[in-house]
1. Within the P(r) computed for the chain, what percentage of the Cα pairs occupies the region above 29 Å?
2. Give me the percent relative contact order of the chain, please, defined on Cα pairs under 8 angstrom at least 6 residues apart.
3. Would you compute, for the Cα atoms of segment 150-222, the largest minus smallest coordinate along each principal axis and list the three values in descending order, in whole Å?
4. Which longest uninterrupted range of the chain lacks any trypsin sites (Lys or Arg not before Pro) assigned by DSSP to a loop state (not H, G, I, E or B) and surrounded by at most 14 other Cβ atoms within 10 Å?
5. Run the dipole for the chain about the Cα centre, Lys and Arg Cβ at +1, Asp and Glu Cβ at -1, nothing else charged, and hand back the magnitude in debye, nearest 20.
6. Between segment 1-75 and segment 181-222, how many Å separate their Cα centres?
7. Roughly speaking, what is the stretch gain from Leu7 to Leu38, that is 0.36 nm per residue apart minus the C-alpha to C-alpha distance, in nm to one decimal?
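No value in this document is a laboratory result; all are computed from the given coordinates. Everything numeric in this text was worked out from a predicted model, so none of it was measured. Methodologically, a virtual Cβ is constructed for each residue, glycine included, from the backbone with ideal geometry; neighbour enumeration extends over all protein chains shown.
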Amino acid sequence: MSKLRSLNDLQDRIDEEFAWRLKELDSLKKIVRQASLLAKKTAIRSAICLAYSHWEGFVKRAAEYYIEFVSNQRLQFDQLADCFVWIGARRHLASMESDGKIVAAVSGVNFFRTKLNERAYLRLPGHVNTRSNLNSEVFENIALTVGISTDAFRARYNQIDESLLGRRNRIAHGEFLDIDQTSCISLVDDVIGLLRMFKTEIEDAASSRKYASVTFRTTSLS
């Protein structure tokens, strides 16, 4: 795939990621509606698991694409918002915390003293970790990692934790789940809504250059 350099590149990639997931989620609703009485409960259980997988998968991919896009803007660390400086500094900070050796601690301090005016390379593994369990707390951490506001999502946290993730976990652990067709389709629609919300937040953040520091945004527009 081509590198994500322009805003259009990012939007196209996220559009593609969203489109195939939306198509499959719409297909899931049709399958549930058309399933025979005998197969309907199985179709519903499968639909809930797949709906959750699209929630987790889309958040992870969209956040990763955004980080790649920001990295390709060729900005210095001191021109980036704090969350992206943290991404770049993370490997230094991790060594400070876990290594216990003075050389690692000095390396971390040295980063903040000498590297902030260097170009930021952010495409390092492990920045977006859903822990295979994308509850509201994990989602909040991911969103804050890439500087995305979670205000619009907070009213949906109970739904994410209980209606979506809680049901998916019960099914995955082999428990019986009695949910009717209407509730299942409503849940799939809710997931589609959550994906749209996250897509919009990422695109808005990129177009308004929220990834840049306030000082850099102000001076670059003057």
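1. That tail contains 37 percent of the Cα-Cα pairs.
2. Values: 219 pairs, mean separation 71.1, N = 222.
Once normalised by length, the contact order is 32 percent.
3. 61, 22, 18
4. So the longest stretch without any such site is 132-222.
5. On the way: 32 positive and 28 negative charges, 85 e Å.
Once rounded to the nearest 20, the dipole reads 400 debye.
6. 14
7. Values: separation 31, 0.36 × 31 = 11.16 nm, distance 4.82 nm.
Result for the pair: 6.3 nm of gain on full extension.
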